[in-house]
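Take a look at the structure set out below.
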Amino acid sequence: MADFVGAVDQGTTSTRFMIFDHGGNEVARHQLEHEQILPQAGWVEHNPVEIWERTVSVVRTAMQKAKLQASDLAALGVTNQRETAVVWDRRSGRPYYNAIVWQDTRTDRIASALDRDGRGDVIRRKAGLPPATYFSGGKIQWILDNVDGVREAAERGDAIFGNTDSWLLWNMTGGVEGGNHVTDVTNASRTMLMNLETLDWDDELLGFFGIPRRMLPEIRPSSDPNTYGVARWPGTLGGEVPLTGDLGDQQAATVGQVCFNVGEAKNTYGTGNFMLLNTGTELVRSEHGLLTTVCYKFGDQAPVYALEGSIAVTGSAVQWLRDQLHVINDAAQSETLAAQVPDSGGVYFVPAFSGLFAPYWRSDARGAIVGLSRFNTSAHLARATLESICYQTRDVVEAMAQDSGVTLDVLKVDGGITVNNLCMQIQADVLGVAVSRPVVAETTALGAAYAAGLAVGFWKSTDELRDNWNESQRWQPEWSAGQREEGYGRWKKAVERTLDWVDVD
Ligand SMILES: Nc1ncnc2c1ncn2[C@@H]1O[C@H](COP(=O)(O)OP(=O)(O)OP(=O)(O)O)[C@@H](O)[C@H]1O
Ligand SMILES: [Mg+2]
């Protein structure tokens, strides 16, 4: 009897494998970081081969820790950093170039050119996305235009593209020996190449980037018994396990937070922050700087859509304090240092390292620390960093309320930063809304496991999953309304200072 479901979570900074039981409880996990390759300002790359090796290794180790075999797993799911583009050779299995990561801004000219003629509006209408460096389409174009021989290989059908989900699924299902070249609707909706209504690649959009259709994976549901094939890794799993779930990480977290009803939302605090609001089978088009994206599609049921507010830099600003400025030794110290002062001493930090994403979408913005006086210390900077995470979230919450008319009674949160109590308290204060964290904060892996398990009947329905959700902690707002509005007003002024910094025309 298979009592467990496994999920690979291929993230921006690390890859983890987690095993869950029927109650959604964690049974085992293993996690390994991979190198962040930063060749020049604005460029961010990963080595896809390293990512695949890490994946094999975390699966093997977690299975050993839990003393499980392939036959103990009912199904496997995959979830991944979205938009990060890999182009590889289907004959040799070798990537033509490093993966170009979602944070990478080298395609800023490609993106801004789309908005100078009518193409940008076609992308908004068909793909639900504002043209931006963030999405995969421009990154594929960059590889086709800049890496020798790739365009010819793509036209021959040898060079193929995928976000990291496709790269892993292809390798897991046999690689050069007949690996399946597939993705799911949520990942495909992050490329600027998929039509949100037909859920198929769109020839007009492909034409905007000069991308041959043959490069692209087959688009499948996020959860389906016959979807992705079987994982066969002799020596890793020791047998075959059906691969039945695939979701982008933020959509997976939405499933892990059981946001299955219209109007339910979650906010995940990791490298960046990503808030998704379930809008049901209705495609809601944003007028306030949010994305329209596929939330999930379970088997042959209708697709469920979401409005999304994507923030590029939140946890990575904490890493920046640690790795670049050396004002903290580890991420947890951001809390103890910030707690030494009662407020940020007038300092505002807008970490627009990759331009600004939602709701601004300004690739010409760059980071700024403003309001400094001689009085300020590193503790104020640490506090301003935590506040920046919360103010960026407020920007997105405001946009969501305007687009959807939904006002939150409580914000469901998850992700690595949510262990920071001070940050979560500031979040409740900045929003004036309670903040709630579930027991299983690893909702990304959990959501991928849910998608995989639903497909094979390990879980019978989404109601069963809802019963697995339990709150572990809640933070209530303490600031006065005046304090809240004054702080937010200053934040908006700080954001203005970052705009129009880089010349992208
Ligand atoms: N105590 C803490 N206070 C503030 N930030 C923290 C704390 N602990 C971790 N972080 C931040 O959380 C982030 C890691 O969270 P998490 O593991 O959820 O990230 P992730 O986005 O899933 O990673 P990936 O992008 O690889 O998927 C890091 O950016 C780190 O700086
Ligand atoms: Mg993650």
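Can you go through 7, 66, 41 and tell me which one is more than 16 Å from ligand 2 (Cβ to nearest atom) and open to solvent by less than 40 Å² (accessible area, probe 1.4 Å)?
On the way: 7 fails: more than 16 Å from ligand 2 (Cβ to nearest atom); 41 fails: open to solvent by less than 40 Å² (accessible area, probe 1.4 Å).
Answer to the selection: 66.
Quick one: residue 383 ticks every box in (1) in contact with an Asp or Glu (Cβ under 8 Å, 6 or more places away or on another chain); (2) farther than 14 Å from residue 318 by Cα except a single one, so which number is it?
It fails just one condition, (2).
Please indicate, with yes or no, whether at least one residue in region 374-384 is away from ligand 1 (no atom under 16 Å from the Cβ), not assigned by the TED database to the domain that holds residue 329 and not charged (D, E, K, R).
Here is the first cut: in region 374-384, the residues away from ligand 1 (no atom under 16 Å from the Cβ) are 374-377, 380.
Then keep just the ones that are not assigned by the TED database to the domain that holds residue 329; that gives none.
Within region 374-384, not a single residue is away from ligand 1 (no atom under 16 Å from the Cβ), not assigned by the TED database to the domain that holds residue 329 and not charged (D, E, K, R).
Which numbered condition trips up residue 271, out of (1) part of a loop (DSSP other than H, G, I, E, B); (2) polar (S, T, N, Q); (3) more than 16 Å from ligand 1 (Cβ to nearest atom)?
Among (1) part of a loop (DSSP other than H, G, I, E, B); (2) polar (S, T, N, Q); (3) more than 16 Å from ligand 1 (Cβ to nearest atom), residue 271 violates only (3).
Quick one: which of 333, 340, 324 is at pLDDT below 95, more than 25 Å from residue 82 (Cα to Cα) and of a type outside the set (D, E, K, R)? Steps first, please.
Numbers: 333 fails: at pLDDT below 95; 340 fails: at pLDDT below 95.
From the options 333, 340, 324, the qualifying one is 324.
Check 306, 302, 338 and return the single one that is open to solvent by less than 10 Å² (accessible area, probe 1.4 Å), more than 16 Å from ligand 2 (Cβ to nearest atom) and either closer than 30 Å to residue 247 by Cβ or among the acidic types (Asp, Glu) (or both).
306
Look at residue 404 and say whether it is among the hydroxyl-bearing types (Ser, Thr, Tyr), touching a Ser or Thr at 6+ places or on another chain (Cβ under 9 Å) and surrounded by fewer than 21 Cβ atoms within 10 Å (Cβ to Cβ). Write out each step before concluding.
Values: among the hydroxyl-bearing types (Ser, Thr, Tyr): yes; touching a Ser or Thr at 6+ places or on another chain (Cβ under 9 Å): yes; surrounded by fewer than 21 Cβ atoms within 10 Å (Cβ to Cβ): yes.
Yes, satisfied.
Regarding region 358-368, can at least one residue be identified that is in contact (Cβ under 8 Å) with a residue 24 or more places away in the chain and acidic (Asp, Glu)?
Taking region 358-368 first, the residues in contact (Cβ under 8 Å) with a residue 24 or more places away in the chain are 358-368.
Checking the rest, the ones that are also acidic (Asp, Glu) come to 364.
Among the residues of region 358-368, at least one is in contact (Cβ under 8 Å) with a residue 24 or more places away in the chain and acidic (Asp, Glu), which makes the answer yes.
Here is a yes/no grid of residues against (1) within 16 Å of ligand 1 (Cβ to nearest atom); (2) touching an Asp or Glu at 6+ places or on another chain (Cβ under 7 Å); (3) not polar (S, T, N, Q):
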{"residue": "193", "(1), (2), (3)": "no, yes, yes"}
{"residue": "199", "(1), (2), (3)": "no, no, yes"}
{"residue": "207", "(1), (2), (3)": "no, no, yes"}
{"residue": "211", "(1), (2), (3)": "no, no, yes"}
{"residue": "225", "(1), (2), (3)": "no, no, yes"}
{"residue": "248", "(1), (2), (3)": "yes, no, yes"}
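Restricting region 407-422 to residues that are within 16 Å of ligand 2 (Cβ to nearest atom) and surrounded by fewer than 21 Cβ atoms within 10 Å (Cβ to Cβ), which is modelled with the lowest pLDDT?
416
Looking at region 4-29, which of the residues that are assigned to a loop (DSSP other than H, G, I, E, B) and either in contact with a Pro (Cβ under 7 Å, 6 or more places away or on another chain) or touching a residue at least 24 places away in the same chain (Cβ under 8 Å) (or both) is farthest from ligand 1 (Cβ to nearest atom)?
Going residue by residue through region 4-29, those that are assigned to a loop (DSSP other than H, G, I, E, B) are 11-13, 21-25.
Filter once more, so that each one left must be either in contact with a Pro (Cβ under 7 Å, 6 or more places away or on another chain) or touching a residue at least 24 places away in the same chain (Cβ under 8 Å) (or both): 11-13, 22-25.
Values: 11: 2, 12: 3, 13: 4, 22: 24, 23: 22, 24: 18, 25: 19 Å.
Step by step, filter region 4-29, then rank; the result is 22.
Select the strands (runs of 3 or more DSSP E) contained entirely in region 162-252, then report the ones holding at least 1 residues which are closer than 30 Å to residue 310 by Cα, within 19 Å of the chain's Cα centre (by Cα) and not charged (D, E, K, R). Steps first, answer last, please.
On the way: elements: 182-184, 218-220, 230-232, 240-248.
Result: 182-184, 218-220, 240-248.
Regarding region 18-26, can at least one residue be identified that is more than 15 Å from ligand 2 (Cβ to nearest atom), among the polar types (S, T, N, Q), surrounded by fewer than 22 Cβ atoms within 10 Å (Cβ to Cβ) and over 19 Å from the mean Cα position of the chain (by Cα)?
yes
Hey, can you tell me all the residues within region 114-161 that are touching a Ser or Thr at 6+ places or on another chain (Cβ under 9 Å), free of Cβ contacts under 8 Å to residues at least 60 places away in the same chain, surrounded by fewer than 24 Cβ atoms within 10 Å (Cβ to Cβ) and not in a helix (DSSP H, G or I)?
none
Pick from 480, 472: which is more than 16 Å from ligand 2 (Cβ to nearest atom) and either within 19 Å of residue 346 (Cα to Cα) or modelled with pLDDT of 95 or more (or both)?
Testing whether each residue is more than 16 Å from ligand 2 (Cβ to nearest atom) and either within 19 Å of residue 346 (Cα to Cα) or modelled with pLDDT of 95 or more (or both) leaves just 480.
Among the residues of region 326-335, write down those that are surrounded by 12 or more Cβ atoms within 10 Å (Cβ to Cβ) and either farther than 17 Å from residue 389 by Cα or without any contact (Cβ under 8 Å) to a residue 60 or more places away in the chain (or both).
Matches in region 326-335: 327, 328, 333.
Can you find a residue that is of a type in the set (Phe, Trp, Tyr) and either under 18 Å from residue 434 (Cα atoms) or in contact with a helix residue (DSSP H, G or I) (Cβ under 6 Å, 6 or more places away or on another chain) (or both) anywhere in region 367-377?
Our first condition is that a residue be of a type in the set (Phe, Trp, Tyr); within region 367-377, this holds for 375.
From what is left, the residues that are either under 18 Å from residue 434 (Cα atoms) or in contact with a helix residue (DSSP H, G or I) (Cβ under 6 Å, 6 or more places away or on another chain) (or both) are none.
Checking region 367-377: not a single residue is of a type in the set (Phe, Trp, Tyr) and either under 18 Å from residue 434 (Cα atoms) or in contact with a helix residue (DSSP H, G or I) (Cβ under 6 Å, 6 or more places away or on another chain) (or both).
The values are calculated or read from the model by the stated rules, or taken from the named source; none is laboratory data. Please read all numbers here as calculations on a predicted model, not as lab measurements. Neighbour counts run over all protein chains shown; Cβ positions are idealised from the backbone, glycine included. Keep in mind that these areas ignore ligands, DNA and RNA; they rest on the heavy atoms of the full protein, side chains included. Shrake-Rupley method; radii C 1.70, N 1.55, O 1.52, S 1.80 Å.
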